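What follows is calculated from the coordinates using simple rules that are stated; it is not laboratory data. The model shown is predicted, which means the values in this text are computed figures rather than measured ones. Every residue, glycine among them, receives a Cβ derived from its backbone with ideal geometry; neighbour counts consider all protein chains shown.
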Amino acid sequence: MTPTPADTDDNTDDGPTTAEQPVVPSVDSTPAADWAEVRLGSGVEPPDDIPPHTGPRTVIRTFAFLDLCGSTEFLEREGTRASIDLVSEFRALVREVSARRGVRVAKWLGDGAMLVGVRTGPVLATATEICSRQQYQPLPARAGVAVSPVLLFDGDDYLGRAANFAARICDDAPPGRVLCDQDCADSIPEWVEQVGAQQVSVRGMGTFNVLVLNADARTTPLRPH
């Protein structure tokens, strides 16, 4: 009798099936996606029919700035090697959480990072999860998040209020917390708790009331991976 596939285990594959493979986020926030969004034509026209490039384009983006609290003192106390190890672990956490949530790490800033996303909710979720998980490490993280229209130029850089505002309010965020501007309020994920409001003075911009966010520990206990 000819064996059926169920009768033989010669070719059994113990690895994950297609259904078990991780799902890649469908939201594309890469520089290529940015330029595809703002191009004037379809992108497949004959060369002579492509609309002329007229300079930087405006897109709406959400930015998060994150950094480690107390890194200067840690460096002085523990030394260079320990600081490098700490920052490397933090960057690995940022990469992992950002990739799962479809948010792009736009640039590294020493012991910090700048994130950018096409939707506000995933950026808030990413920043909150990173700060919550980082609390189990020697130094906590903090974050600032803001959304606004920005100019996209040079392929992968941005100029606008949100990027500046997120960076400034990150400096005022308490350890382990996320500060976000009022325009982010409607996009706060259900598991993220607004624990208060805080007034911040941003040089060159003015004084603002921002929201203070934290993972709601009553419903979402976050632990290191």
Could you list all residues from region 90-110 that are surrounded by 15 or more Cβ atoms within 10 Å (Cβ to Cβ), under 13 Å from Ile130 (Cβ atoms) and of a type outside the set (A, V, I, L, M)?
Phe90, Arg91, Ser98, Arg100, Arg101
With the structure loaded, tell me whether Ala141 is touching a strand residue (DSSP E or B) at 6+ places or on another chain (Cβ under 8 Å), without any contact (Cβ under 8 Å) to a residue 60 or more places away in the chain and buried (at least 20 other Cβ atoms within 10 Å of the Cβ) or whether it fails that test.
no
Strands (runs of 3 or more DSSP E) wholly inside region 78-177 that include at least 2 residues being closer than 24 Å to Thr219 by Cβ and charged (D, E, K, R)
none
Picking from Val123, Val195, which residue would you name as being closer than 29 Å to Glu89 by Cβ, surrounded by 19 or more Cβ atoms within 10 Å (Cβ to Cβ) and of a type outside the set (Gly, Ala, Ser)?
Val123
Looking at Ser148, Ser201, Ser132, Ser187, can you tell me which residue is more than 20 Å from Arg61 (Cα to Cα), in contact (Cβ under 8 Å) with a residue 40 or more places away in the chain and polar (S, T, N, Q)?
Ser132
Candidate set from region 147-179 (those that are under 19 Å from Gln135 (Cα atoms) and touching a helix residue (DSSP H, G or I) at 6+ places or on another chain (Cβ under 7 Å)); member that is surrounded by the most Cβ atoms within 10 Å (Cβ to Cβ):
Val178
Among the residues of region 63-77 satisfying the criterion of being farther than 10 Å from Leu139 by Cβ and out of contact with any strand residue (DSSP E or B) (no Cβ under 7 Å at 6 or more places or on another chain), which is surrounded by the most Cβ atoms within 10 Å (Cβ to Cβ)?
Leu75
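Which count do you get for residues in region 185-214 that are part of a loop (DSSP other than H, G, I, E, B) and under 19 Å from Glu129 (Cα atoms)? First the steps, then the outcome.
Let us first name the residues in region 185-214 that are part of a loop (DSSP other than H, G, I, E, B), namely 188-191, 203-205.
Now drop any that are not under 19 Å from Glu129 (Cα atoms), which leaves 188-191.
Summing the residues that are part of a loop (DSSP other than H, G, I, E, B) and under 19 Å from Glu129 (Cα atoms) in region 185-214 gives 4.
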